[in-house]
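The numbers here are math on the coordinates, done by the rules we state, and not lab data. Everything numeric here is computed off the predicted structure, so don't read it as measured data. FYI the Cβ positions are ideal-geometry reconstructions off the backbone, even for glycines, and counts take in every protein chain you see.
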Amino acid sequence: MSAAPRRAGVAGWPVAHSLSPALHGAWIEAAGLDAIYDAVSVAPEAAARELRGLGARGYAGVNVTAPHKATALAVADDVRPAARAIGAANLLLFEDAGIVADNTDAIGFLTGLEAARGTAAAEDLVLILGAGGAARAAAFALTQAGGRRVVIANRTQTAAEQLAKAFGAAAVAWDRRTEVAADAALIVNATSLGMSGQPPLPLDLSQARDTAIVYDLVYAPLETPLLAAARRRGLRAVDGLDMLIGQARPSFEAFFGRPPPPDVDARGVLLAAMEARA
Ligand code: NAP
């Protein structure tokens, strides 16, 4: 009798919209693995119990998406440093010794940024808009290397202050975002504004530096009103898709013990999956 395929997935609520199964599925197929990566619907009422039980259901590990990233951290026996610093886990591994929680969103964030930055020097002043999970991953990634001034603006000021304190950054009032954006070398939208069904992020880029990079972590839609405005202004615009790919790569390696095959056009796979759903 042959062994069961190695199983991994993405756990969230709702989760049917997740693009991760399409990407991991393409990697599994190209690598010729006997493996499955599927979407696991985990209702909020019983999230801790259900996440803990996934190992017994045969999962080697799962990515964790909204709204369970904090719960994922709480159910782990072993929390890796990135997940601890960010205060959330997007990756759970069900090992013999217990449940391991990690966070690959910061790696993903840097993947997207590096693709855009090219040979330009590291940004000196960075404005992060938002103070939720994505903003925490961005702040962690940007402050790790040092040498940057990171400023956080969030609608709820106390959340911006808490995040700034955790990562040695500064917090400014939400109403001052356009003023700070004028001096920033990198402007990051880590709010949910600009997502399908949400209003656009109100930010005036007319005074932004000509060399500024505008990085929107939103990937549905790919071209947010903010990125469209950045392009009109002649600025470098980065969408959230490379972050999604960048967080998925180390997850795949953790689940299946090998990096994803490099010859797969991950961006093309995701664009096709988005197109199929439109
Ligand atoms: P989250 O933890 O729920 O945080 C949402 C953030 O958006 C908070 O800072 C919130 O401010 C702000 N916000 C929501 N509605 C707002 C409004 N009407 N006006 C001003 N601010 C508002 O969500 P998250 O997990 O950080 O995700 C944020 C975005 O990043 C989402 O679009 C998500 O898809 C994207 N993301 C992308 C990737 C990727 O791989 N590309 C990974 C993770 C997340 P308050 O604190 O005031 O509520």
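Multiplying the residue separation of ALA228 and ARG258 by 0.36 nm and removing their Cα-Cα distance gives an extension gain of 7.1 nm.
Under 1.5 on a/c is rounded, so check that first for segment 70-177, then, if it is not, pick prolate when a/b is larger than b/c and oblate when it is not; a ≥ b ≥ c are the square roots of the alpha carbon gyration tensor eigenvalues. Taking the square roots of the gyration eigenvalues as a ≥ b ≥ c, segment 70-177 is oblate. Farthest toward the positive end of the dipole of the chain, out of THR191, SER206, LEU51, is the Cα of SER206, where the dipole comes from beta carbon charges about the Cα centre.
The charge dipole of segment 1-157, taken about the Cα centre with unit charges on the Cβ atoms of Lys, Arg (+1) and Asp, Glu (-1), comes to about 400 debye, rounded to the nearest 20. Cα centroid separation, segment 230-278 to segment 180-227: 19 Å.
In this simple spin-label approximation, THR211 and ARG57 carry label points 7 Å from Cα along the Cα→Cβ vector, and these lie 5.0 nm apart. Restricting segment 48-97 to trypsin sites (Lys or Arg not before Pro) that sit in a DSSP loop and have at most 14 other Cβ atoms within 10 Å of their own Cβ leaves ARG57. With both residues required to sit in the chain, DSSP beta bridges show an antiparallel share near 20%. A simple rule links phi to the HN-Hα coupling: the Karplus curve 6.51 cos²θ - 1.76 cosθ + 1.60 with θ = phi - 60°, which for segment 223-230 gives 9, 6, x, 5, 5, 4, 5, 5 Hz, with x for Gly and Pro. What does a probe at ALA3 reach in segment 64-107, counting residues whose amide N is under 17 Å from the point 7 Å along Cα→Cβ? The answer is 94-97. For ILE152, ILE99, ILE86, the sequence from fewest to most other C-beta atoms within 10 Å is ILE99, ILE86, ILE152. Taken about its Cα centre, the chain carries a charge dipole of about 400 debye when Lys and Arg each add +1 at the Cβ and Asp and Glu each add -1 at the Cβ.
On C-alpha positions alone, give me the angle between the axis of helix 266-277 and the longest principal axis of the chain, in degrees, nearest 10. That helix lies at roughly 90 degrees to the long axis.
Residues whose amide H falls under 5 Å from that of ALA11, counting only those 5 or more places apart or on a different chain, are VAL40, ASN63, VAL64, THR65, with hydrogens built in the peptide plane. Applying the Karplus relation 6.51 cos²θ - 1.76 cosθ + 1.60 with θ = phi - 60° to segment 147-158 yields 3J(HN,Hα) values of x, 10, 9, 10, 10, 10, 10, 9, 3, 8, 4, 4 Hz, where x marks Gly and Pro.
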